[in-house]
1. Give the carbon-plus-sulfur fraction of the accessible surface of the chain in %, rounded to a whole number; probe 1.4 Å, heavy atoms of protein chains only.
2. Going 7 Å from the Cα of THR35 toward and past its Cβ, which residues in the range 80-109 have a backbone nitrogen under 13 Å from where you end up?
3. Over the chain, give the accessible area per residue in Å² for a 1.4 Å probe, as an integer.
4. Taking the Cα atoms only, what angle lies between the long axis of helix 6-16 and the longest principal axis of the chain, rounded to 10 degrees?
5. How large is the charge dipole for the range 1-72, taken about the Cα centre, if only the Cβ atoms of Lys, Arg (+1) and Asp, Glu (-1) carry charge, to the nearest 20 debye?
6. Could you give me the percent of Cα pairs per 10 Å distance bin for the range 10-68, shortest bin first, beginning at zero and ending with the bin that holds the maximum distance?
7. Could you pull the Rg and Dmax for the chain, using just the Cα atoms, both in Å?
8. Of the cross-linked pairs LYS41/LYS107; LYS21/LYS86; LYS86/LYS107; LYS21/LYS85; LYS5/LYS90, which ones have a Cα-Cα span greater than 23 Å in the structure shown?
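The values are calculated or read from the model by the stated rules, or taken from the named source; none is laboratory data. These numbers come from a predicted model, not from an experiment. Cβ placement follows ideal geometry from the backbone for every residue including glycine, while neighbour counts extend to all protein chains displayed. All accessible areas refer to the heavy atoms of the entire protein, side chains included, with ligands and DNA or RNA removed. Shrake-Rupley method; radii C 1.70, N 1.55, O 1.52, S 1.80 Å.
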Amino acid sequence: EHYIKHGILGNEILIKEGLPKHARVCSHHTGVGLTRETIEKQGLPLPHKDFVPESIEEQIICFADLFFSKASFKLTQERSVEEVKKSLRKFGEDKVAKFAKWCVEFKEV
């Protein structure tokens, strides 16, 4: 499967295991969240709906996940705030702004 689908695939596994709350966190943690509009514009192989973190738990997991690059598969090497911002910038300044807001909220400045 395409890597972008890992959240919804994990969601399916956790639902089968009887963990629906955990499943939602899994499907809503990619980037700073994926909107239906983004999915459609980019032609991503995902259902055309919003996958945006809403609960504080979802937001914290989404935020924490951004510090570890899966693209380079160096999961033991934490990225800096500036590195995360740089990686998000290619998806739009709105994504960088959302991350910056989380940095303040979660004291990661």
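1. Of the solvent-accessible surface of the chain, carbon and sulfur hold 59 percent.
2. 92-98
3. Using a 1.4 Å probe on heavy atoms only, each residue of the chain averages 65 Å².
4. The answer is roughly 40 degrees.
5. 120
6. Spelled out per bin, shortest first, that is 25, 48, 27, 1.
7. In order Rg, Dmax, the Cα atoms of the chain give 13.8, 38 Å.
8. LYS41/LYS107; LYS21/LYS86; LYS21/LYS85
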